[in-house]
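For reference, the structure discussed in these notes is given below.
The values are calculated or read from the model by the stated rules, or taken from the named source; none is laboratory data. All values derive from a computational prediction rather than experimental measurement. Note that each Cβ is placed from the backbone with ideal geometry, even for glycine, and that neighbours are counted across all protein chains shown. Each accessible area value is taken on the protein alone, full model and side chains, heavy atoms only, with ligands, DNA and RNA left out. Shrake-Rupley method; radii C 1.70, N 1.55, O 1.52, S 1.80 Å.
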Amino acid sequence: MAEVTMEKLVSLCKRRGFVYQSSEIYGGLSGAWDYGPLGVELKNNIKDYWWKEMTRLHDNIVGLDAAIMMHPDVWKASGHVDNFSDPMVDCKVCKARFRADQIDLNKPCPNCGSKESFTEPRQFNLMFSTHLGPVSGDDSNIIYLRPETAQGIFANFKNVVQTSRVKIPFGIAQVGKAFRNEITTKNFIFRTVEFEQMEMQFFVKPGEDEKWFEYWKESRINYYDKLGIRKDKLRFHRHGENELAHYAKDAFDIEFEFPMGWQELEGIHSRTDFDLSRHAEFSGKDLTYLDDQTRERFIPYVIETSAGLTRSVLMVLSDAYEEETLEGGDVRTVMHFHPELAPVTVAVLPLVKKDGIADLAKDIEKELRGDFSTFYDQSGAIGRRYRRMDEIGTPYCVTIDYQTKDDKTVTLRYRDSMEQIRVPIAELTSVIRKANKEYRRG
Ligand code: GAP
């Protein structure tokens with residue numbers, strides 16, 4: 001099978017309208033990307049799938065949507081002001097900046113080749129800061145763009161406990177933007193300065209944290225299987241002592257084999273009572289939880305599941321891509337998206353335009369809109385139209401012909417197998433729904 005390279009993915013994403021470089025007409029902005037018509041559908045579908053999986057399918061997980069900007073003390077309490085930094089060095093000749101732990105400081109500069117050595121490593125905070133209100137230059141009104149969505153959840157812990165009927169153990173889930181002033185932003189949308197996270201903080205009784213840590217590890221890796229991601233592309237990586245974030249007692253990454261190698265996709269962290277205790281200390285508010293059965297009062301421990309949404313888009317694109325050699329030697333590029341994630345679920349394609357066939361096809365496409373994301377295309381040879389749909393990962397194509405007028409049936413073509421079957425129009429929705437439910441990658 002032909003290798004999936006980042007160049008091929010970037011090219012397909014641009015060509016088909018999944019992802020564009022930010023501010024491209026001005027030469028682009030490093031580490032920022034825009035999601036085009038198909039990309040935004042794919043990203044929203046991944047988000048919706050996660051949301052359903054992490055909130056609606058549980059009776060003890062609720063949602064939240066906190067503001068990106070928060071009181072600056074949040075980031076002092078969370079430890080991000082003091083600890084959220086990377087060691088950086090600058091080349092003394094070209095001034096290019098590198099993460100000290102990612103290059104060999106005894107070798108020439110990777111940018112200009114100079115042997116003039118680097119500056120001493122300095123800690124460089126990854127948070128973007130700005131000033132609230134019209135006065136700048138004064139540290140009193142400094143605020144940060146959140147580097148993780150999690151703190152919005154911790155800061156609202158008391159609100160959620162008081163205003164909903166949650167009882168420990170329970171979770172709060174949130175999807176939203178986060179920002180980090182990353183120095184190394186190569187590899188397309190893998191590591192960017194603006195990205196989206198899908199996070200869930202699960203609050204448990206102290207002492208029960210290890211049990212729930214195991215539960216969420218298993219639950220999260222199984223989720224990717226449901227999403228249709230190949231199992232052999234996923235693995236766990238446990239953090240060593242020197243990898244653990246400042247808030248973590250234990251942590252596992254779920255890694256995916258991206259085109260550039262195995263890399264983190266999601267983190268599962270045992271955060272203990274670190275965050276709630278620190279917010280209680282810095283805010284002066286009581287953030288304990290009262291167990292109304294045992295009358296015990298305690299600060300809950302937290303298990304966090306933290307997945308990158310934009311990084312998941314790259315994972316789904318990488319896993320779906322295939323250049324398949326067909327009988328006869330032709331090659332088709334096909335994206336094997338899970339039907340629930342595909343930007344277009346059903347394409348409706350009339351085989352001829354005349355004799356009312358195109359109008360009939362348009363009517364069928366309109367009928368399907370209520371249930372699926374659809375696309376109508378009447379231009380070009382049918383083989384080329386199929387190829388276009390394969391390349392954007394449309395799982396079902398419906399063709400309309402003269403027979404449709406006679407017996408009210410259409411041809412349904414499956415993307416992965418290219419099998420074609422005849423289906424009555426009246427049964428089309430239920431046949432597609434069933435195929436969606438039973439989908440396994442072919
Ligand atoms: N609240 C915990 C936390 O933020 P993290 O391991 O720093 O943990 C969690 O980030 C996930 O967020 C990562 O596994 C990754 O998917 C995503 N992520 C982190 N930094 C990112 C970046 N610069 N660009 C894209 N995604 C990023």
Residue list for region 47-65, filter: farther than 18 Å from G228 by Cβ and free of Cβ contacts under 8 Å to residues at least 40 places away in the same chain: R56, D59
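Tell me which helices (runs of 4 or more DSSP H) are completely within region 353-442 and hold 2 or more residues being open to solvent by less than 20 Å² (accessible area, probe 1.4 Å), or say none if there are none. Break it down into steps so the answer makes sense when it comes.
Details: elements: 357-369, 382-391, 402-407, 428-438.
The qualifying helices (runs of 4 or more DSSP H) are 357-369, 382-391, 428-438.
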The lone condition H246 fails out of (1) open to solvent by 20 Å² or more (accessible area, probe 1.4 Å); (2) more than 14 Å from the ligand (Cβ to nearest atom) is (2)
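This table checks each residue for (1) within 25 Å of the chain's Cα centre (by Cα); (2) of a type in the set (K, R).
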position: K14; (1), (2): yes, yes
position: Y49; (1), (2): yes, no
position: D73; (1), (2): no, no
position: S85; (1), (2): yes, no
position: C94; (1), (2): no, no
position: I103; (1), (2): no, no
What are the residues in region 185-228 that are under 13 Å from the mean Cα position of the chain (by Cα) and of a type in the set (A, V, I, L, M), if any? I189, M198, L227
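Looking only at residues in region 226-243 that are not acidic (D, E) and not in a loop (DSSP other than H, G, I, E, B), which one is surrounded by the most Cβ atoms within 10 Å (Cβ to Cβ)? Steps first, please.
In the first step, residues of region 226-243 are kept if they are not acidic (D, E); the result is 226-231, 233-240, 242.
Next, only the ones that are not in a loop (DSSP other than H, G, I, E, B) stay: 226, 231, 233-238.
Values: K226: 11, K231: 9, K233: 16, L234: 19, R235: 13, F236: 12, H237: 15, R238: 11.
Checking each candidate, the answer is L234.
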Looking only at region 9-45, which residues are without any contact (Cβ under 8 Å) to a residue 24 or more places away in the chain, open to solvent by less than 50 Å² (accessible area, probe 1.4 Å) and not hydroxyl-bearing (S, T, Y)? G17, G28, G36
